[in-house]
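Since every read-out is calculated from the coordinates, none of them should be taken as a lab result. What you are looking at is a predicted structure, and each value in this text was computed from that prediction instead of being measured.
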Amino acid sequence: MFLVNSSRGFIPDSCNVLKKYNLVTILNAFISDSHTLPKKCTWKNIVNNAITLSETILWNQRTSADDEFLLFRIVHPVIQPCIIYKVFKEGMSVTLLELRVYSFRLNVLFGTYNP
């Protein structure tokens, strides 16, 4: 039989998120000395960087573990919104270089690239 943590609510959920992204030390420092909590902009940067790092590592592990993702990794090598999504969301503010890189990847993927 598996023991499941049945705690629910804001505080347990917040603690689980802090554990997931290795931010518990900051919470512990705040509990021991209430004047050590960073300012909002600093805290926001710390959290965003921790989440980005953690999710990038997980994304790389998932895409590297299976050979079926080989072609996907060619087209989409880093964790970021796809160039097509950027074009539709931001209009044509995407640079020509970004479009050429994406076009090159698609040509390689479909075997239509002719050097």
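Here are a few things to note about the model shown:
- Take the Cα radius of gyration of the range 7-65 and divide it by 2.2 N^0.38 Å, N being the number of residues; the result is 1.32.
- Karplus-derived 3J(HN,Hα), 6.51/-1.76/1.60, for each residue of the range 14-23, Hz, glycine and proline x: 5, 5, 5, 5, 4, 5, 4, 9, 6, 10
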